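Reviewing the structure listed below.
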Amino acid sequence: MPVQSETEVMNSGDLLVDGDVLTGTVKKPFIQDGKLMGAVLSFDGKAETALLHRKQMIGVDRNRRLANLKLGDKLMVKLIVSGEHPTRKTWASEAEIDNEVIVEHLMAQKSRTFTGQVVNAADYGVFVELSDGPGAGRKGLIHAKNMCKGGAASLSAFTSYAPGDLVKVDVLGARIDEKNLVRIDLGMAA
């Protein structure tokens, strides 16, 4: 019986497709010249992986976000495929995803509880950058009215959060505003 090549073994359904928006799982770090440069992502039902380079990530501090990624974290990315299999290159990008897709995926999640990092506190709420899920790298606001479950927000609710603090948040809503920016309404997770 003849030995099948990798190309014959892998059917086209196993290959990643240019332009697809998928949720990838962090499989391993990508280190180049001793520096953390990105993460290799795997995709359910796909044999190929894709490289998410730090330049294709979004967020206030991409290097910090990259360093805080853990194996198994889930990120939504758009695929960029160049060349033909088996020598082709596949990259992933958070920056290339349309805002409408972000909002659609955020609202379609069964569980809308995510991890985030406090970016800033203001007198009307706390800004949080999401660390995982479809909104990873994007900022949302925990408005004062959503700071405390079942009661009025106290002064300590605002002053107890400092930039860099990790918090669990619930996505209450997401929309695109008149400037075509994604607005994510958050609440403190129970």
Study note, to complete from the structure: Going through (1) crowded, with 16+ Cβ neighbours inside 10 Å; (2) part of a helix (DSSP H, G or I) one by one, LEU22 fails only at (2)
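Does ASP61 satisfy the condition of being acidic (Asp, Glu) and without any contact (Cβ under 8 Å) to a residue 24 or more places away in the chain? It would help to see each step written out before you state the result.
On the way: acidic (Asp, Glu): yes; without any contact (Cβ under 8 Å) to a residue 24 or more places away in the chain: yes.
The answer is yes for ASP61.
This table checks each residue for (1) surrounded by 18 or more Cβ atoms within 10 Å (Cβ to Cβ); (2) at pLDDT below 85.
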{"residue": "ASP123", "(1), (2)": "no, yes"}
{"residue": "VAL126", "(1), (2)": "yes, no"}
{"residue": "SER131", "(1), (2)": "yes, no"}
{"residue": "ARG138", "(1), (2)": "yes, no"}
{"residue": "HIS143", "(1), (2)": "no, no"}
{"residue": "ASN146", "(1), (2)": "yes, yes"}
{"residue": "LEU155", "(1), (2)": "no, yes"}
{"residue": "LEU166", "(1), (2)": "no, no"}
Check your understanding: How many residues are surrounded by fewer than 16 Cβ atoms within 10 Å (Cβ to Cβ), in contact (Cβ under 8 Å) with a residue 40 or more places away in the chain and in contact with a Gly (Cβ under 9 Å, 6 or more places away or on another chain) when one looks only at segment 65-95?
Key -> 1
Exercise for review: Considering every residue within segment 41-51, establish whether at least one is crowded, with 16+ Cβ neighbours inside 10 Å, within 20 Å of ARG183 (Cα to Cα), at pLDDT below 95 and of a type outside the set (A, V, I, L, M, F, W, C).
Suggested key: no
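The rows are residues; the columns are (1) of a type outside the set (A, V, I, L, M, F, W, C); (2) over 20 Å from ARG88 (Cβ atoms).
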| site | (1), (2) |
| --- | --- |
| ASP18 | yes, no |
| THR25 | yes, yes |
| GLN32 | yes, no |
| LYS35 | yes, yes |
| LEU41 | no, no |
| GLY45 | yes, no |
| GLU48 | yes, no |
| ARG54 | yes, yes |
| ASP61 | yes, yes |
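The values are calculated or read from the model by the stated rules, or taken from the named source; none is laboratory data. Just so it is clear, the structure is predicted and the values come from calculations on it, not from any experiment. Reconstructed Cβ throughout: ideal geometry from the backbone, glycine too, with neighbour counts over all protein chains shown.
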